[in-house]
1. Which whole-Hz couplings ³J(HN,Hα) result when phi for each residue of the stretch 195-200 is put into the Karplus expression 6.51 cos²θ - 1.76 cosθ + 1.60, θ = phi - 60°, listed in order with x for Gly and Pro?
2. Please compute the modelled spin-label separation between ASP116 and THR228, points set 7 Å along Cα→Cβ, answer in nm with one decimal.
3. Counting each DSSP H run of 4 or more residues in the chain as -39500 (n - 2.57), what helix-only mean residue ellipticity at 222 nm follows after dividing by all residues, to the nearest 500 deg cm²/dmol?
4. Taking neighbour counts of Cβ atoms within 10 Å as a proxy for exposure, in what order, fewest first, do ARG220, ARG65, ARG179 appear?
5. Give the Cα extents of the chain along the principal axes, in whole Å, largest first.
6. Nearest 20 debye, what's the magnitude of the dipole of the chain about its Cα centre given +1 on Lys and Arg Cβ and -1 on Asp and Glu Cβ?
7. Roughly how many debye, to the nearest 20, is the charge dipole of the stretch 15-110 about its Cα centre, given +1 on each Lys and Arg Cβ, -1 on each Asp and Glu Cβ, and no other charges?
8. Helix 165-174 versus the longest principal axis of the chain: what is the Cα-based angle in degrees, 0 to 90, to the nearest 10?
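What follows is calculated from the coordinates using simple rules that are stated; it is not laboratory data. Only a predicted model underlies this, so the values are computations on that prediction, with no experimental measurement involved. No Cβ is skipped: glycine too gets one built from the backbone with ideal geometry, and neighbour counts run over all protein chains shown.
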Amino acid sequence: MMISSVFSIHSIIQHMTSPFQQLATIVKKTQLSSHVYEFIFQFEMPVQFEPGQYATLIIDPQTRRQYSFAAPCVNPKEFEVVIDVSPMGPGSKFFLEKKVGDSVQVLAPLGTFHFDEPTTFVVFVATGTGIVPFRTMIEAYLLRGGTNEVTLIWGLRHEEDIFWNHILDGWQEKYSNFRYSIVMSKPSDAWKGKTGHVTEHIREELPHPETHTFYLCGNRHMISDVKTDLLAHQVPEDHIKTEMF
């Protein structure tokens, strides 16, 4: 009887962590910026995902879109995603029309972009919604009492593109080992923060990048430029983790 129960529990856990398709219902839709929306979905069956993983949302039989989980897995029957609708392709139009109560077919959990327990200082470099998997990674690490220094450098175009700043400010106030900066590439005259591109500010903020581990997520040009620069400054390749959006 006990052996049977152990196998049953193991089977349930294995099922929760293996990807499978099911229906998920929108329980909350929030506009975070002019073109970014946050959706909270409820699964029919529980799913256990890791920070950095993603879900495939099925738009129609020929169209699928991948979105990183936007918050740590606290309730295995609920998940959040953040969607940038500015491309205005099939996925953008599909989610602009969706409302609370609508359902979507979802395949999850997927992906191998995980946060490894750090042995060095950690730097997250993101552009746009590339910040999404980093929210789950950073929040999970800080909540479990991680003490290594964590730096987030986030590249955006305009001030109106900023979201989650209240979350980032809250972490910075609460955790002495976390700091972040936003780099604006097309700021207004009123912007008082950093300007340009994230690549220009990494070495400015980190004079010895070779002693850090880097996680990069965003557009392929940023990832290519930053990785090339880090390798040129003796950062070991296995200390550079990447995910393209």
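1. Result, rounded to whole Hz: 10, x, 10, 4, 4, 5.
2. The answer from the label model is 2.5 nm.
3. -8500 deg cm²/dmol
4. The order, fewest Cβ neighbours first, is ARG220, ARG179, ARG65.
5. Principal axes ranked by extent give 59, 45, 34 Å for the Cα atoms.
6. 520 debye
7. So the magnitude is around 160 debye.
8. The angle comes out at about 80 degrees.
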